[in-house]
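Structure, as structure tokens:
The values are calculated or read from the model by the stated rules, or taken from the named source; none is laboratory data. Note that the coordinates shown come from a computational prediction; the quantities given were computed from them, not determined experimentally. Side chains are part of the model used for accessible areas, which takes the heavy atoms of the whole protein and leaves out ligands, DNA and RNA. Shrake-Rupley method; radii C 1.70, N 1.55, O 1.52, S 1.80 Å.
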Amino acid sequence: MGSGGVICVYRNLNNGYLDESPFIFSTTTGTQKFKLKQINDKSLPYIQNDPSNRFDIITSQGSTVKIYFNNNGNGINLNQTFDAGFNIKELEVADINDDGYNDIIVAGGNSTTTAIAKVYLNLTNGNINTNEVYSTPVGFISY
């Protein structure tokens, strides 16, 4: 959950309780989006209590995308940061090219009338190719 520029992640202790000491992601002012998805492994269907089902955290704020890996040892580490080149208003994580690995899609723009969307593919090693494979031409949207 996010509040006042902070995202807190509470670890499940597997005993019906959550750890009272969350992982805290401090943020600067502005809108922040985040998703819990697998980036570092194939996007397999979720199976409860399977130790390989560890979600990673993908965040966007301003024009920056950050990927935090769940290290499967009760910790979260910043793995990758890249700049989309425009103010991100929407963030999605899904397997776009059907290779079994989640990719990143961002959309937004630099004003209220200019829209841009970009797709970044997973390199299948847990890293995202920061050279987008698809970018919409700059266009206009109406509200």
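So, in segment 1-19, of the ones that are modelled with pLDDT under 75 and not in a strand (DSSP E or B), which residue ends up nearest to ILE76 (Cα to Cα)?
MET1
When you scan segment 20-68 for strands (runs of 3 or more DSSP E) that lie fully inside it, which ones turn up with 3 or more residues that are at pLDDT 70 or above and open to solvent by 50 Å² or more (accessible area, probe 1.4 Å)?
Of the strands (runs of 3 or more DSSP E) lying wholly inside segment 20-68, those with at least 3 residues that are at pLDDT 70 or above and open to solvent by 50 Å² or more (accessible area, probe 1.4 Å) span 32-37.
Going by what's in this entry, would ILE128 be described as open to solvent by 30 Å² or more (accessible area, probe 1.4 Å), modelled with pLDDT of 90 or more and of a type outside the set (S, T, N, Q)?
Details: open to solvent by 30 Å² or more (accessible area, probe 1.4 Å): no; modelled with pLDDT of 90 or more: yes; of a type outside the set (S, T, N, Q): yes.
When the stated conditions are applied, ILE128 does not pass them.
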